[in-house]
1. Quick check: anything in region 58-74 at pLDDT 85 or above and not β-branched (Val, Ile, Thr)?
2. Scan region 51-63 and report the pairs whose first residue is closer than 21 Å to residue 40 by Cα and whose second residue is of a type outside the set (Gly, Ala, Ser) and surrounded by 10 or more Cβ atoms within 10 Å (Cβ to Cβ), with Cβ atoms within less than 9 Å and a gap of 6+ or a chain change.
3. Kindly state which helices (runs of 4 or more DSSP H) lie completely within region 1-59 and contain at least 3 residues that are aliphatic (A, V, I, L, M) and out of contact with any strand residue (DSSP E or B) (no Cβ under 7 Å at 6 or more places or on another chain).
Amino acid sequence: MDCQICGAGGFKHLGSHVAKAHKMTAREYKQMFGLPLKRGLVTPELKQKLQEAFEDNKDVALANLTHGDKYQFKKGEPKRGETSPVAVEEATERIKEVNAKRWGTR
């Protein structure tokens, strides 16, 4: 897979490249380029390999999901982590647009 930001190519897992090189989430990348949010950023070959690995260890994987319930965020709880620079920039631009419409300034 090729990165639409920098043009680098040959990635099996583009989401990892986007996070490390461009400091943004896969969701932000997808939104930036109009990609479906449910679409994975992995090659079909890697997707198949991951599905096969899951099938081979389904019982363990599903047990791990239920054990992780106590660590998942609940609705309304604050989330950990930093807001990405891209999200901050987009929010800042949106605020400027709203203020410009409301107050006639930019």
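1. Looking for residues that are at pLDDT 85 or above and not β-branched (Val, Ile, Thr), one finds at least one in region 58-74, hence yes.
2. Matching pairs, first to second residue: 61/54.
3. Numbers: elements: 14-22, 26-32, 44-56.
Where helices (runs of 4 or more DSSP H) fall fully within region 1-59 and carry at least 3 residues being aliphatic (A, V, I, L, M) and out of contact with any strand residue (DSSP E or B) (no Cβ under 7 Å at 6 or more places or on another chain), they are 14-22.
The values are calculated or read from the model by the stated rules, or taken from the named source; none is laboratory data. Because the structure is a prediction, the values reported are computed rather than measured. When we count neighbours, we look across all protein chains shown, and the Cβ atoms used for this are built from the backbone with ideal geometry, even at glycine.
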